[in-house]
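Worksheet: the structure to be examined is printed underneath.
The values are calculated or read from the model by the stated rules, or taken from the named source; none is laboratory data. Please read these numbers as outputs of a predicted model, since none were measured by experiment. Ideal geometry is used to build each Cβ from the backbone, glycine not excepted, and the neighbour counts take in all protein chains shown.
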Amino acid sequence: MLTLGCDPDLHDLAFASWSPEGPHKAWVLHVPRRKGVIEQAAVLEMMEALEDFDYIVNIFGREVCALAVEAQTLKRTGPKQHKRPQDIVTLGNVAGLALAHMRRNWPHAGIAFPAPETWKGQIPKAVMQARLYDELDWGYDMIGKERAYARPIRVSESFKHISEGQWKHIGDALLLARWAYTKLP
């Protein structure tokens, strides 16, 4: 049983799998930032990068039984409200692209499109990631302040190719894959 989680971002689409033994593999589809390529144009660049989705299928294999892609929600009030609502709409477009490609390539897998509040509640990204890395005995460093995330110190061989900055998204993709492992058939 292998589950696949996806944390969407406009330039780094992170995929990670979870097996009965725990974390399995991870990959980040990176689309470099280019001056003047923003909003829908950046979404279209991610769409073009996803055209070679067979590469990602080959990394994780055909035996994926459950998929989870983080949906996006617009926070309109409170201390965590989105200052630029268009950014979250654009990110939602990327999430939808990822969901469609994953569903097309794993048509028999269970699928979830949970909002962050559904799969992690009100617990901040950095705290969720730090707890996971502690459970895995990977240790971690905290990176950043305003948009903090945890980066593991020791990882298994199948994660050594992940760059330091990519852990911001791989951490959530792993957490989504684990969430799907426990919630989906």
Worksheet entry | Selection status of Gln129, in contact with a strand residue (DSSP E or B) (Cβ under 6 Å, 6 or more places away or on another chain) and either free of Cβ contacts under 8 Å to residues at least 40 places away in the same chain or under 20 Å from Gly5 (Cβ atoms) (or both) | yes
Item to complete: Could you please tell me which pairs satisfy a Cβ distance under 7 Å, a separation of 6+ or placement on different chains, a first residue in the range 22-42 that is farther than 17 Å from Glu63 by Cα, and a second residue that is in a loop (DSSP other than H, G, I, E, B) and aliphatic (A, V, I, L, M)?
Response: Val28/Ile162; Ala42/Leu10
Discussion item. Please go through the range 51-73 and give me each residue that is in a loop (DSSP other than H, G, I, E, B) and either modelled with pLDDT of 85 or more or surrounded by 13 or more Cβ atoms within 10 Å (Cβ to Cβ) (or both), ordered by number.
Written reply: Glu51, Phe53, Gly61, Arg62, Glu63, Glu70, Ala71, Gln72, Thr73
Discussion item. Against the condition loosely packed, with under 12 Cβ neighbours inside 10 Å and more than 21 Å from Met128 (Cβ to Cβ), how does Glu48 come out, does it pass?
Written reply: yes
Discussion item. Looking at the structure I just gave you, is Thr3 of a type in the set (S, T, N, Q), surrounded by 16 or more Cβ atoms within 10 Å (Cβ to Cβ) and in a strand (DSSP E or B)?
Written reply: yes
Practice prompt. Give the number of residues within the range 17-32 that are assigned to a loop (DSSP other than H, G, I, E, B) and surrounded by 11 or more Cβ atoms within 10 Å (Cβ to Cβ).
Written response: 1
Practice prompt. Identify all residues within the range 1-37 that are hydrophobic (A, V, I, L, M, F, W, C), in contact with a Ser or Thr (Cβ under 7 Å, 6 or more places away or on another chain) and at pLDDT 90 or above; write none if there are none.
Written response: Leu2, Leu4, Trp18
Fill in: Number of the exception - Ala14 against (1) outside any helix (DSSP H, G or I); (2) surrounded by fewer than 20 Cβ atoms within 10 Å (Cβ to Cβ); (3) among the hydrophobic types (A, V, I, L, M, F, W, C); (4) out of contact with any Phe, Trp or Tyr (no Cβ under 6 Å at 6 or more places or on another chain)
(2)
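Counting residues that are surrounded by 19 or more Cβ atoms within 10 Å (Cβ to Cβ), which strands (runs of 3 or more DSSP E) fully inside the range 76-185 reach at least 3?
149-152
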Discussion item. Quick check on the range 102-115. Is at least one of its residues modelled with pLDDT under 95 and either of a type in the set (Gly, Ala, Ser) or over 22 Å from Leu2 (Cβ atoms) (or both)?
Written reply: yes
Item to complete: Can you confirm whether the range 86-97 contains a residue that is under 23 Å from Lys160 (Cα atoms), of a type in the set (Val, Ile, Thr) and within 16 Å of the chain's Cα centre (by Cα)?
Response: no
